[in-house]
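Worksheet: one structure, shown below.
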Amino acid sequence: MTDESASPAPEGETHELDVRPIPPRDKHPAIFARLDALHRGEAIMLVNDHDPKPLRYQLDAEQAGKFGWTYREQGPTVWRVRIDRI
């Protein structure tokens with residue numbers, strides 16, 4: 001997974017996914033469902049109430065090289081991460 005080096009989708013093609021209201025046990029399945037539905041060049045803006053580092057580790061382990069990861073906001077109460085299908 002890359003930070004800034006991947007060719008991200010244009011900003012207009014980003015779909016927001018706010019996972020804050022989702023129960024913790026359901027967050028990763030919901031996120032992966034959305035990521036799996038993305039086509040190359042599309043992105044989601046993940047919104048969470050904590051740093052989603054564990055999600056990044058899981059993506060790196062299970063789908064290495066398929067997604068770009070760019071923090072747009074890093075707390076203290078809201079994290080926004082742009083995740084691009086590359």
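The values are calculated or read from the model by the stated rules, or taken from the named source; none is laboratory data. The structure presented is a predicted model; accordingly, all values stated were derived computationally and were not measured. Glycine also receives a Cβ, built like all others from the backbone with ideal geometry; neighbour counts cover every protein chain displayed.
Taking the conditions (1) at pLDDT 95 or above; (2) more than 11 Å from the chain's Cα centre (by Cα); (3) of a type in the set (Lys, Arg) in turn, ARG82 satisfies each one other than (2).
State all residues of the range 2-46 that are touching a Leu at 6+ places or on another chain (Cβ under 6 Å) and either at pLDDT below 95 or among the aliphatic types (A, V, I, L, M) (or both); if no residue qualifies, say none. Of everything in the range 2-46, those that are touching a Leu at 6+ places or on another chain (Cβ under 6 Å) and either at pLDDT below 95 or among the aliphatic types (A, V, I, L, M) (or both) turn out to be LEU17, ILE44, LEU46. Give me a count of the residues in the range 52-69 that are assigned to a loop (DSSP other than H, G, I, E, B) and either surrounded by 14 or more Cβ atoms within 10 Å (Cβ to Cβ) or in contact with a helix residue (DSSP H, G or I) (Cβ under 9 Å, 6 or more places away or on another chain) (or both). Of the residues in that region, 3 qualify. Remark: LEU46 falls outside the filter, which requires a residue to be surrounded by 16 or more Cβ atoms within 10 Å (Cβ to Cβ), under 11 Å from the mean Cα position of the chain (by Cα) and part of a helix (DSSP H, G or I).
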